[in-house]
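Encoded as structure tokens, the structure appears first; notes follow it.
Please treat every number below as a calculation from the coordinates, not as lab data. Quick caveat: nothing in here was measured; it's all calculated off a predicted structure. No Cβ is skipped: glycine too gets one built from the backbone with ideal geometry, and neighbour counts run over all protein chains shown.
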Amino acid sequence: MERVTPALTRPPGPKPRPLLGLFREFRRQPADFLERAARQYGDLVFLPLGPQNIYLASHPDLIQEILVARQSQFKKSRMLERARVLLGQGLLTSEGKMHLRQRRLVQPAFHRDRLVSYTAVMVACAAQCRERWQSSVENTMDLAVEMARLTLAIVARTLFSANVDSQADEIGTALTEVFKMFEFTLLPYSEWIEKLPLPPIRRFHRARALLDSIIYRLIADRRAAGARDTGDLLSMLIAAQDEDGGIMTDQQVRDEALTLFVAGHETTAVALTWAWYLLSQNPQAETLFHAELERVLAGRLPTFEDLPRLRYTECVFAETLRLYPPAWGIGRRALADFAIAGYTIPAGSIVAMSPWVVHRDSRWFPEPLKFLPERWLAEDTSRPKFSFFPFGGGARVCIGERFALTEGVLLLATLGQRWRFRLESGQRVETRPLITLRTRYGMRMTAVAIPQR
Ligand code: HEM
């Protein structure tokens, strides 16, 4: 890319409209809005969205520069700053030294040897889920709900050794309420509006109180049991000590635990929901997927050792993350004036990077709107690294990346051994990009049994 001497002019972009007109368009379908802007105006776009102006960077090299090479010149964006209302100072929302300390503390829970033990839980939960469907008279279900339930159970059991099955629906509803609140935090002046006793704000407080009560109970049970490090994440957090010997307060443990509950289940559930949808719409890929399961597993449940041989399934998951990246937008705030691609981004500005926009760019992915898992079978070294970045990059890269990739493949495999899915007639399919790329109308599908040998 050609670089010129940094100037003080703004990159190209749409003209501001009266009465927050552009902002309203952005809010209606933010991912599509960003995509249109990038296609029309290029790799660095200025979006005058009213009080919250945004610079959209859509070239992989620019993204690498922001997320990796010059990451110290940024902090997290307003949305994640605002997420502190829920997540406090957990891994996702903390900054600087605090973030570094928490990251070191949480990292061991994601080491490879731990992951091996998690795979058994992932498969057991998925097997339980497919049996439940087997015995159900009703074969039509909302896969968005089913996948969220399943991934929530997995994160609870793997990271917290907790069984939350009986409360899964309650937790799911509370999380949905909390996510709605995040949508609201994108609005200008939400800092002031949220102080008003409005019904959605009261619902948010109730939902947060419920999540807190569940997590504080888990912490209290564990402390009562002696606060030893029994190997799961919760006991590690409780037993962890600072260099000066201080331990984490209940509030700190709560922030970290809730962060992992939220970050660790919603994203994977969203990805799996879109995967079943994409498979149902692409019969050739669906056939190859089921054939691989039959060939590699021959009817038995998958294990960690099977992962390298479930290549096509892995490609299905990767291609889903390309077309429907659950974290569809990543934001940063410039700490000081920032020179990039011939422009100067003023201190305090928000820089947005969208996997949705970049993953659908024909420069990196020919026929970008087609679901073609085979494009991942051979490594393509000609593509720039950040043309595919569903898990972000740099110091803030997703800590659960390997966890999620393993979980994605194992859940697709375990469920796909028994079932294929057909979209219910009349089901509308549209994205609803909140923090994650949810489905706007759920995903009601009919499960069709696969004949067993
Ligand atoms: C398909 C599934 C997933 C996707 C697409 C995803 C995506 C991401 C992305 C893009 C970020 C970086 C955000 C930023 O830079 O602003 C992130 C951060 C994070 N993710 Fe994930 N994630 C997934 C699954 C998971 C899982 C399974 C866990 C935990 C069990 C997890 C925990 C976290 C945490 C704690 C962070 C914050 C890391 C930090 O700032 O140090 N994620 N994720």
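Tabulated data
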| item | result |
| --- | --- |
| FRET efficiency for Ala69 and Thr140, using Cβ-Cβ distance with R0 set to 51 Å, rounded to 0.05 | 0.55 |
| Candidate lysines - alpha carbon under 20 Å from Lys180, same-chain residues fewer than 8 apart omitted | Lys195 |
| Inter-site label distance for Arg39 and Glu81 at 7 Å from Cα along Cβ, in nm | 3.3 |
| Computed [θ] at 222 nm, helices only, for the chain once each DSSP H run of length n ≥ 4 contributes -39500 (n - 2.57) | -15500 deg cm²/dmol |
| Gain in span if fully extended, Ile247 to Val397, counting 0.36 nm per residue against the direct Cα distance | 51.4 nm |
| Gyration tensor verdict on the range 18-449 (Cα atoms; rounded if a/c is under 1.5, prolate if a/b is larger than b/c, oblate otherwise) | rounded |
| Positive dipole terminus of the chain, leading residue within Leu22, Cys125, Pro326 (C-beta point charges) | Leu22 |
| Residues Arg104 and Lys180, FRET efficiency given R0 of 35 Å [Cβ-Cβ distance, rounded to 0.05] | 0.55 |
| Zone residues, the range 38-59, relative to Arg27, backbone N less than 14 Å from point 7 Å out along Cα-to-Cβ | 49-52 |
| Pair Ala339, Arg112: separation of 7 Å Cα→Cβ label points (nm) | 4.3 |
| Cβ-placed point charges (K, R +1; D, E -1), dipole of the chain about Cα centre in debye, nearest 20 | 860 |
| Set of lysines near Lys97 by C-alpha distance (under 27 Å), chain-local residues within fewer than 8 positions excluded | Lys75, Lys76 |
| Spatial separation of Cα centroids for the range 384-453 and the range 269-304, in angstrom | 11 |
